1. Among residues belonging to the range 68-92 that are of a type outside the set (S, T, N, Q) and more than 11 Å from the chain's Cα centre (by Cα), point out the one that is most open to solvent (accessible area, probe 1.4 Å).
2. Need the failing condition index for residue 34 against (1) over 18 Å from residue 103 (Cβ atoms); (2) aliphatic (A, V, I, L, M); (3) assigned to a helix (DSSP H, G or I), just the number.
3. If a residue must be in contact (Cβ under 8 Å) with a residue 24 or more places away in the chain, within 24 Å of residue 36 (Cα to Cα), part of a helix (DSSP H, G or I) and not small (Gly, Ala, Ser), how many such residues does the range 75-110 contain?
4. Give the residues of the range 93-139 that are at pLDDT below 60 and either within 17 Å of the chain's Cα centre (by Cα) or open to solvent by less than 70 Å² (accessible area, probe 1.4 Å) (or both), sorted by residue number.
5. Please go through the range 25-47 and pick out each residue that is among the hydrophobic types (A, V, I, L, M, F, W, C), open to solvent by less than 30 Å² (accessible area, probe 1.4 Å) and modelled with pLDDT of 75 or more.
6. List pairs: first in the range 48-67 and open to solvent by less than 10 Å² (accessible area, probe 1.4 Å), second part of a helix (DSSP H, G or I) and charged (D, E, K, R), Cβ under 8 Å, 6+ apart or cross-chain?
Amino acid sequence: MRVVNWFRNIIGRIFSKPYAVAPWNGDAVFDERLSIDQSFGLEIVNDDKTPMEFVVAVLTQCVHLNDRDATEAMLRIHFNGRARFGRMTEAGGRALVEHINQQSAEFGWPLSCSLCDGQETASPGPPSKEDIQRHRKQH
């Protein structure tokens with residue numbers, strides 16, 4: 001029950017304070033038809049200062065995830081230290097990384113976003129109950 005309440009608290013915080021992140025209006029850069037060895041992935045790294053709400057806003061506005069997927073991805077970033085997304089061309093990926101890093105700088109958050117090799121784009125699933133409990137004990 002405590003885990004459920006903790007999760008509800010996180011979800012409440014995420015949707016109660018929206019960030020006006022500029023949406024990514026560039027070409028659709030994610031293309032799963034690209035071969036793994038010819039593609040690049042977007043990597044977002046966790047830090048101790050960027051609010052979870054801002055990370056969700058970036059994921060919804062720039063990576064075009066729905067609210068639920070963005071929240072799960074934010075938790076992956078938080079608990080696993082990083083998450084990687086999709087396959088894209090190098091040019092499209094660099095433009096998207098620049099856009100996300102610019103948005104982070106405008107809001108004053110140190111969110112780290114970079115381009116990674118397409119062979120490394122797999123991310124583990126959402127955090128387990130054990131991960132959540134371990135996190136609660138540490139904080």
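1. Here the residue is 68.
2. Among (1) over 18 Å from residue 103 (Cβ atoms); (2) aliphatic (A, V, I, L, M); (3) assigned to a helix (DSSP H, G or I), residue 34 violates only (3).
3. The total comes to 8.
4. If the condition is that a residue be at pLDDT below 60 and either within 17 Å of the chain's Cα centre (by Cα) or open to solvent by less than 70 Å² (accessible area, probe 1.4 Å) (or both), then 120, 121, 122, 123, 124, 125, 126, 127, 128, 131, 132, 135 are the ones that fit.
5. 42, 44, listed by residue number.
6. So the pair list comes out as 56/67; 59/69.
This table checks each residue for (1) assigned to a strand (DSSP E or B); (2) within 13 Å of residue 96 (Cα to Cα); (3) among the polar types (S, T, N, Q); (4) at pLDDT 90 or above.
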position	(1), (2), (3), (4)
3	no, no, no, no
6	no, no, no, no
19	no, no, no, no
22	no, yes, no, no
54	no, no, no, yes
57	no, no, no, yes
64	no, yes, no, no
68	no, no, no, no
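The values are calculated or read from the model by the stated rules, or taken from the named source; none is laboratory data. Every value quoted in this text rests on a predicted model; they were computed, and no experiment measured them. Cβ coordinates were reconstructed from backbone atoms using ideal geometry, including for glycine residues, and neighbour counts include every protein chain displayed. Only protein heavy atoms, including side chains, enter the accessible area calculation; ligands, DNA and RNA are left aside. Shrake-Rupley method; radii C 1.70, N 1.55, O 1.52, S 1.80 Å.
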